[in-house]
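The values are calculated or read from the model by the stated rules, or taken from the named source; none is laboratory data. None of the values given here were measured: they were computed from a predicted structure. In this analysis, Cβ positions are derived from the backbone assuming ideal geometry, glycine residues included, and neighbour counts consider all displayed protein chains.
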Amino acid sequence: MAVAEEVQRPRSTAAKSKSSKDLTNTKSDSATAAKVVHHKVKPGETLTSIASTYNTTVAALRRENSGVSILHPGDVLVIHAR
């Protein structure tokens, strides 16, 4: 038994303009969303230096990583970069 799908295509340029406008709005919405980064701690790095690198705060790093206060090389931090 075959299932048929109907594909609808825009019939006027107004429909195309509307879909283009929708794509533009989607792009601007995603541009404002925070980017999630996984940072592997290197020797000598501090919460302050990492926060500065990703334009965030030490408080935000602690909040996002279960209250981390001591870093060790190889630790991986979750960062919501701005």
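Observations on the structure shown:
- For segment 68-82, the candidate set comprises residues that are surrounded by 15 or more Cβ atoms within 10 Å (Cβ to Cβ) and touching a His at 6+ places or on another chain (Cβ under 9 Å); within that set, the residue that is nearest to Gly44 (Cα to Cα) is Leu77.
- A residue that is among the small types (Gly, Ala, Ser) and at pLDDT 75 or above can be found somewhere in segment 40-48.
- Residue list for segment 42-57, restricted to those being under 19 Å from the mean Cα position of the chain (by Cα) and of a type outside the set (Phe, Trp, Tyr): Ile50, Ala51, Ser52, Thr53, Asn55, Thr56, Thr57
- Residue match in segment 16-34 (condition: surrounded by 10 or more Cβ atoms within 10 Å (Cβ to Cβ), at pLDDT below 95, of a type in the set (A, V, I, L, M, F, W, C) and in contact with a strand residue (DSSP E or B) (Cβ under 6 Å, 6 or more places away or on another chain)): yes
- Long-range neighbours under 7 Å by Cβ, at least six apart or interchain, first residue modelled with pLDDT of 95 or more within segment 49-78, second assigned to a helix (DSSP H, G or I) and surrounded by fewer than 13 Cβ atoms within 10 Å (Cβ to Cβ): Val58/Thr48
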